[in-house]
1. Please report, in debye to the nearest 20, how large the charge dipole of the chain is about its Cα centre when each Lys and Arg carries +1 at its beta carbon and each Asp and Glu carries -1 there.
2. Let's see if you can work this out: charge +1 on each Lys and Arg Cβ, -1 on each Asp and Glu Cβ, no other charges. What is the dipole magnitude of segment 81-143 about its Cα centre, in debye to the nearest 20?
3. So for the pair THR190, THR63, with labels modelled 7 Å out along Cα→Cβ, what separation do we get in nm?
4. To the nearest 20 Debye, how big is the dipole of segment 125-242 about its Cα centre, given +1 on the beta carbon of each Lys and Arg and -1 on that of each Asp and Glu?
5. Per residue and in cubic angstrom, what volume does the convex hull of the Cα atoms of segment 110-163 have?
6. State the extension gain, in nm to one decimal, for the chain segment bounded by LYS165 and ASP54, taking 0.36 nm per residue of separation less the distance between their alpha-carbons.
7. Quick one: divide the alpha-carbon radius of gyration of segment 6-241 by 2.2 N^0.38 Å and tell me what you get.
8. Quick one: if the Förster radius is 22 Å, what FRET efficiency do GLU73 and LYS135 give, using the C-beta to C-beta distance and rounding to 0.05?
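What follows draws every value from the coordinates through simple rules; no lab data is involved. Bear in mind the structure is a predicted one, so any value in this text is a computation, not a measurement. Cβ atoms come from the backbone with ideal geometry, glycine included; neighbour counts cover every protein chain shown.
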Amino acid sequence: MSANRIALVTGANKGLGFETSRQLALKGIKIFMGARDIDKGKSASKKLKDQGLDVECIELDVTNSSHIKQAGEYFEKHYGRLDILVNNAGMTHAEEPFFGNSAGTVSAAAVRKIFEVNLFGQVELTQKLLPLLKKSDAGRIVNVSSILGSLMLQSNEKSDLAQLKPFAYDASKAALNQFTIHLAALLKDTPIKVNSAHPGWVKTDLGTDMAPMVVEEGAKTAVRLATLNQDGPTGKFFHFNDEIPW
Ligand SMILES: NC(=O)c1ccc[n+]([C@@H]2O[C@H](COP(=O)([O-])OP(=O)(O)OC[C@H]3O[C@@H](n4cnc5c(N)ncnc54)[C@H](OP(=O)(O)O)[C@@H]3O)[C@@H](O)[C@H]2O)c1
C-alpha cells in the first residue's frame, strides 16, 4: 500500500464517523471528514487537528449532487486518486419514531427519506469516486450498515433481532448490503475491496445512551475493513472479525 493514504469518511462531524476518522488518522492516513453542516464539520476537524492529526473537513451532504460532484473534482484535482471511502452517514427514522416505524404504517415518504441518505446518497457518492478509487493501488470501500439489515436474522423468528423491526431503516441497510455485494462482484478483478460493517450497538446520538458499546469500540470494524491488506476479504459483512449472515 502506498504511503500517505487518503480517506473520505462521510457523516464525520460526530459519532462513529468522527471516531473512525480519528482512528484512521492515528494510522497516518490523511482524512477528509465529510459533514453536511460545514460549521459542525470544521469544529469536529479542529478537535482532531488540535491532537496533531492530519484531517480536513469537506462539505458533503450525501443527498446533495453538487456536493458529491465537488468532492469528486477536489480529489481529482489535488490527489488524482482516493484510497479509502467510508460510507458512514446514516439516519434511522424520519417523522415516525424509530421503534414505531412498522412495515404496516410507516409512510412511503419517510421510507424514501431514509433511503435517500442510507442508500441513494451512498450509491451516488461511491459511483462518483469509483474512478479515483480505481487509481489507488489498494482501494477500500466500507459501507457502514447494521445487523438490523440482515435478511437472514430478520426472517428467523428465534433471532433476538427479529423482535426489532424498524422497517425503513432495516430495509435501507439490507439494500446497502446488496450494494456491497454487487460492487464487490463488479470489482473482483481489481485491488478494490468492498465490505459492509456492523459497528455494534454503540453510544452515539443515533445509538442512544442505552447502547452497551463505547464509540472507540464501535469504530473498530470500519477501521479494520478500511485498512485490510491485499489478502483481506471482499463482498462480506462483518462485526469486528466475525462474519454476519446477509
Ligand atoms: N450507533 C449505533 O448503535 C449504530 C448501529 C448500527 C449501525 N450504525 C450506523 O453507523 C453510522 C453512524 O451512526 P452514528 O451512530 O455515529 O450516528 P450519529 O452520531 O447520529 O451520526 C450520524 C452522522 O451522519 C450524518 N448524516 C445524516 N444525514 C446525512 C446526510 N444527508 N449527509 C451527510 N451526513 C449525514 C450526521 O450529520 P448531522 O450531525 O448533520 O446530523 C452525523 O454526522 C450510521 O450509518 C448508522 O446507521 C450505528
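1. 560
2. Working: 7 positive and 6 negative charges, 65 e Å.
Dipole about the Cα centre, nearest 20: 320 debye.
3. 2.8
4. Dipole magnitude for segment 125-242 comes out near 440 debye.
5. Working: hull volume 5.2 nm³, N = 54.
Output value, Cα hull per residue: 96 Å³.
6. 36.0 nm
7. After normalising by residue count via 2.2 N^0.38 Å, the value is 0.96.
8. After rounding, the FRET efficiency stands at 0.90.
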